[in-house]
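See below for the structure under consideration.
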Amino acid sequence: MLPQRLRFGAFIAPFHPIDENPTLAIQRDLELVEWLDQLGFDEAWIGEHHSAAYELIASPEVFIAAAAERTRHIRLGTGVSSLPYHHPLMLADRINQLDHMTRGRVMFGAGPGALVSDAFMMGIPVAKQRDRMDEALGCIVRLLRGEEVTHKSEWFELDKARLQMTPYSRPSVEIAVASQVSPTGARAAGQHGLGLLSLGATSTGGFNALASNWAIATEQAGEHGHVMDRNAWRLVGPMHIAETREQAMEDIRFGLDKWIYYFREIANLPIVPEGDDPVKAMVETGMAVIGTPQDAIVRLQQLVDQSGGFGAFLLMAHNWANWGATRHSYELMARYVFPHFQNLNDNRHASMSWVKDNKEEFTTQVRGAVGARIVQHMMEKGSQNIRPEIVALITGAAETPPKADG
């Protein structure tokens with residue numbers, strides 16, 4: 001029996017430098033999702049942000065609606081919806097509408113909100129973001145399952161609330177909770193029996209926390225009557241690959257410095273390693289792969305071994321390279337990395353080996369079959385139209401060398 005097929009996708013925050021036309025930047029994000037769909041990627045997760053100028057998409061639901069019309073197969077998720085920013089009924093209703101509009105291709109990713117500046121603008125106490133996420137999530141899970149919910153909170157109220165459309169997906173859309181180093185997301189996923197989105201899984205802290213966060217989620221799930229599903233566990237990390245490591249390094253000169261500046265000077269997320277040479281540190285620590293398809297395979301296998309197994313790897317969309325090199329990197333992933341983890345070529349290797357091992361027998365049989373027809377023709381029509389070298393080729397006999405003149 002074949003092993004579980006590892007899925008691949010993209011986690012699109014997105015990241016766009018402020019010297020770029022923002023209208024065209026969002027258009028490029030839509031083109032990326034179209035390209036991923038053509039290449040056979042399984043998923044794309046779209047972020048929600050409202051400040052700091054780099055992560056431009058404010059409504060993942062609006063983006064998903066547009067992307068769904070441009071694609072055929074890829075599943076589309078909110079990566080993630082910041083629950084403290086929304087009334088649970090309004091958010092659940094939008095997701096439920098997308099569930100119908102996409103015929104079940106939408107997924108719901110939940111989190112507390114990554115940028116403190118977003119919460120600050122809305123007067124949301126940072127210290128309460130995670131508590132509010134937990135409270136809202138409990139209601140949204142029930143709403144998305146078509147249940148009636150009554151709940152009174154300091155910041156929202158539900159009075160016999162119910163989605164007016166029965167969910168398209170049963171029992172509901174797939175739901176995943178964002179998790180980094182802290183146990184917040186893992187606890188929430190386990191409590192409600194949801195999927196886990198491990199952001200920053202390739203960073204030193206995130207990598208080391210993989211097994212422990214899964215253990216926390218599993219323990220919580222057991223306490224609440226659920227079973228965690230490794231197939232619903234997604235790991236996120238940045239990669240850029242090319243035919244050679246030298247080419248990959250050359251490619252990322254286009255935009256990596258700007259991305260590093262954003263995370264070091266603007267965003268409140270300590271993603272970039274400290275040191276004078278952050279690129280070297282990112283590669284040596286395994287935080288990023290900047291290399292070849294084989295380098296990507298090696299790193300992914302490390303993640304599989306460290307975690308104990310997961311369902312999908314999501315490439316963090318980073319725009320380190322120009323558009324042509326970026327497209328090519330995703331294509332190389334699909335062509336050379338997918339097959340390794342999806343066993344796509346197992347039967348091809350087996351078939352080739354079988355034919356090779358039996359080549360002598362098959363050759364003998366075909367020579368015999370064709371030779372019999374040649375003999376039949378010669379008996380019926382004579383040999384004047386049959387070249388001697390053809391007879392020798394089919395029968396395997398050594399061709400008689402021509403006689404010398406004189």
Which trypsin sites (Lys or Arg not before Pro) does segment 96-129 hold that lie in a coil by DSSP with at most 12 other beta carbons within 10 Å? ARG103
Two pseudo-spin positions, 7 Å from Cα along C-beta at ASP277 and at GLU380, lie apart in nanometres by 7.6
May I ask for the angle, rounded to the nearest 10°, between helix 293-307 and the longest principal axis of the chain, with both axes built from Cα atoms and the value confined to 0 to 90°? 50
Percent of Cα-Cα pairs per 10 Å bin, from 0 to the last occupied bin, for segment 112-196, please list those. 16, 41, 36, 7
For the chain, give the magnitude of the charge dipole about the Cα centre (Cβ charges: +1 Lys/Arg, -1 Asp/Glu; no others), in debye to the nearest 20. 1160
Starting at the first residue of segment 86-102, write each ³J(HN,Hα) from the Karplus equation 6.51 cos²θ - 1.76 cosθ + 1.60 with θ = phi - 60°, in whole Hz, x for Gly and Pro. 9, 5, x, 5, 5, 5, 4, 5, 5, 5, 5, 4, 5, 4, 6, 5, 9
Over the chain, what is the mean sequence separation of C-alpha contacts under 8 Å (at least six apart), divided by residue count, expressed as relative contact order in percent? 15
Segment 138-182 scanned against label point 7 Å out from GLU223 along Cα→C-beta; backbone N under 19 Å for 138-139, 177-182
If r is the Cβ-Cβ distance from MET352 to ASP159 and R0 is 56 Å, what FRET efficiency results, to the nearest 0.05? 0.30
Lysine pairs in the chain with Cα atoms under 27 Å, if 8 or more residues apart or on separate chains: 5
Counting every C-alpha pair in segment 335-379, the percent lying more than 16 Å apart is 60
Return the single residue from ALA296, ALA188, ALA127 with maximal mean-square fluctuation; model: Gaussian network over the chain, springs between Cα atoms under 10 Å. ALA127
Each residue of segment 35-46 in turn: what ³J(HN,Hα) in whole Hz from Karplus with 6.51, -1.76, 1.60 and θ = phi - 60°, glycine and Pro shown as x? 5, 4, 4, 5, 7, x, 5, 8, 9, 9, 10, 10
Ratio of the Cα radius of gyration of the chain to 2.2 N^0.38 Å, where N counts its residues: 1.32
Using 0.36 nm times the number of residues separating GLN38 and ALA58, minus their current alpha carbon distance, what extension gain do you get? 4.6 nm
Net charge within 11 Å of ALA161 by Cβ-Cβ distance, Lys/Arg positive one each and Asp/Glu negative one each, not counting ALA161 itself? -2
Hydrodynamic calc, segment 250-353: Kirkwood Rh from Cα pairs, then Stokes-Einstein at 20 °C with viscosity 1.002 mPa s, so D in µm² s⁻¹ is 137
ARG75's amide H: which non-local residues (gap 5+, or another chain) put their own amide H closer than 5 Å, with H modeled 1.01 Å from N in plane and none for Pro or chain starts? GLU43, ALA44
Equivalent ellipsoid, segment 27-175 (semi-axes from 5 times Cα gyration tensor eigenvalues, Å): 26, 21, 10
Over the alpha carbons of segment 66-143, what is the largest minus smallest coordinate on each principal axis, giving the biggest first in Å? 41, 26, 15
So what is the 222 nm mean residue ellipticity for the chain from helices alone, if each DSSP H run of at least 4 adds -39500 (n - 2.57) and you divide by all residues, rounding to the nearest 500 deg cm²/dmol? -14000 deg cm²/dmol
Given 0.36 nm per residue, what is the gain on full extension from ASN345 to VAL304 after removing their alpha carbon distance, in nm? 12.8 nm
Once both labels are modelled 7 Å past Cα along the beta-carbon direction, what's the PHE254-MET121 spacing in nm? 2.8
For a quick check of your reading of the filter: which GluC sites (Glu not before Pro) in segment 121-186 sit in a DSSP loop and have no more than 12 other Cβ atoms within 10 Å? GLU148, GLU154
Counting DSSP beta bridges in the chain, what percent are antiparallel, to the nearest 5? 10
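The numbers here are math on the coordinates, done by the rules we state, and not lab data. What you see is a predicted model, and the numbers here were worked out from it, not measured in a lab. Positions of Cβ are generated from backbone atoms using ideal geometry, with glycine treated the same way; all protein chains shown enter the neighbour counts.
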